[in-house]
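Visitor: Structure provided below as structure tokens; questions to follow.
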Amino acid sequence: MRSTDLPNDYDPGRNFAFLMLPDFSLGAFSAAVEVLRLANHVSGEALYEWATISVDGKPVTASSGVDVAAHRSVGNGAPYSTVILCGGINVQHWTDAQVHGWLRRTERLGANIGALCTGSHVLARLGMLDGYRCTVHWENLPGFAEAFPEIDVKEDIYVIDRNRFTCAGGFAAADMMLAFVIREHGRDLAAAISEALLHEQIRDQGAHQRMALRLRLAVGQPKLLESITRMSERIEQPLSQLELAREVGLSIRQLERLFQKYLGCTPSRYYLEMRLSRARALLQQTSMSVMNVALATGFVSGSHFSKCYRQYCGCAPREERRATAA
């Protein structure tokens, strides 16, 4: 669904509450709020109202170390038409019974509920994304998908599904809020806001989070890009070098030359580091056992996984898990 094709009965409302979680992403929060502020400024009308919320009404420190004041605490003030959870670092480990209760009461009152960045984790744990499509920042996608296999998680920059909306974070928060402005007040106002933000293009929710592989690697060799794409699709059951070469129509020698020429390493080394990078994300973002992480990233032996992980990351998998918990 394109941002201009939101359901006719979708109403984001005009009264927004931004619930700031510990270590939240200041960039995504600021991008979302700025769209509302500029909507009022450009239109010359009070189209939107917003408030910042914290658990106890005290300032919350963002992941950047900046303290942001809260207008009020959870549960205080009139009901909000829309509540947005502002996530950030390690939110997958965060829990608060008072916030959970307030969110459930807010849901029963009919509010729209959404999340920025990793705030999707909180909604997922509460069951508020069951039966909905959603997204989360690409760094957290592997852990989220493993933790909530029943939820339809997308790689889009944002997803609006009925009265739920989630955003990958960063400036995608502005794109999502601009979609609301387009639905309620038209594209002309949204374009004026985007111009004020020096945001060249309003992206639809179907846009992908990460730049194209050829741009990330600064490589345009099609066979190399195809090889890396196939690797990324087969993390749990890795392809052998022979299988990979056959799938992309090369000999093993040709495949090795491509990787050495453009990336300065062998295909097997690149593949191994890709799998270990996924393993690290799972260790940091989920409660999966070390052995299950090993199996999910294509290692059949726990000892082999630990040896490779230590060589790549400088510590054992269990040490990584303890450091994350600390």
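Visitor: Considering (1) open to solvent by 40 Å² or more (accessible area, probe 1.4 Å); (2) more than 22 Å from the chain's Cα centre (by Cα), say which one residue 245 fails and leave the rest.
Guide: Tallying (1) open to solvent by 40 Å² or more (accessible area, probe 1.4 Å); (2) more than 22 Å from the chain's Cα centre (by Cα), residue 245 fails exactly one: (1).
Rundown of residues vs (1) touching a residue at least 60 places away in the same chain (Cβ under 8 Å); (2) of a type in the set (Val, Ile, Thr); (3) out of contact with any helix residue (DSSP H, G or I) (no Cβ under 6 Å at 6 or more places or on another chain), yes/no style:
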position: 204; (1), (2), (3): yes, no, no
position: 231; (1), (2), (3): no, no, no
position: 255; (1), (2), (3): no, no, no
position: 267; (1), (2), (3): no, no, no
position: 271; (1), (2), (3): no, no, no
position: 277; (1), (2), (3): no, no, yes
position: 293; (1), (2), (3): no, yes, no
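Visitor: Residue 133 is checked against (1) of a type in the set (D, E, K, R); (2) in contact with a helix residue (DSSP H, G or I) (Cβ under 9 Å, 6 or more places away or on another chain); (3) open to solvent by 10 Å² or more (accessible area, probe 1.4 Å) and fails just one. What number does that condition carry?
Guide: It is condition (2) that residue 133 fails.
Conditions tested, residue by residue: (1) charged (D, E, K, R); (2) crowded, with 21+ Cβ neighbours inside 10 Å; (3) free of Cβ contacts under 8 Å to residues at least 24 places away in the same chain.
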site: 20; (1), (2), (3): no, yes, no
site: 24; (1), (2), (3): no, yes, no
site: 42; (1), (2), (3): no, no, no
site: 73; (1), (2), (3): no, no, yes
site: 76; (1), (2), (3): no, no, yes
site: 81; (1), (2), (3): no, no, no
site: 94; (1), (2), (3): no, no, no
site: 97; (1), (2), (3): no, no, yes
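Visitor: Can you list residue pairs whose Cβ atoms sit under 9 Å apart, with the first residue in segment 45-60 being over 18 Å from residue 89 (Cα atoms) and in a loop (DSSP other than H, G, I, E, B) and the second being among the hydrophobic types (A, V, I, L, M, F, W, C) and open to solvent by 30 Å² or more (accessible area, probe 1.4 Å)? Count only pairs 6 or more apart in sequence or on different chains.
Guide: 58/69
Visitor: Let me ask something else about it. Take the residues in segment 185-202 that are touching a residue at least 24 places away in the same chain (Cβ under 8 Å) and outside any helix (DSSP H, G or I); name whichever of them is nearest to the chain's Cα centre (by Cα).
Guide: Step by step, filter segment 185-202, then rank; the result is 202.
Visitor: Does segment 136-161 hold any residues that are closer than 16 Å to residue 210 by Cα, open to solvent by less than 30 Å² (accessible area, probe 1.4 Å) and β-branched (Val, Ile, Thr), and which are they?
Guide: Within segment 136-161, 136, 157, 159 qualify.
The values are calculated or read from the model by the stated rules, or taken from the named source; none is laboratory data. For clarity, every value in this text was computed on a predicted model and none was experimentally measured. All Cβ positions, even for glycine, are placed from backbone atoms using ideal geometry, and neighbour counts span all protein chains on display. To get the accessible areas, we keep the full protein, side chains included, count just its heavy atoms, and leave off ligands, DNA and RNA. Shrake-Rupley method; radii C 1.70, N 1.55, O 1.52, S 1.80 Å.
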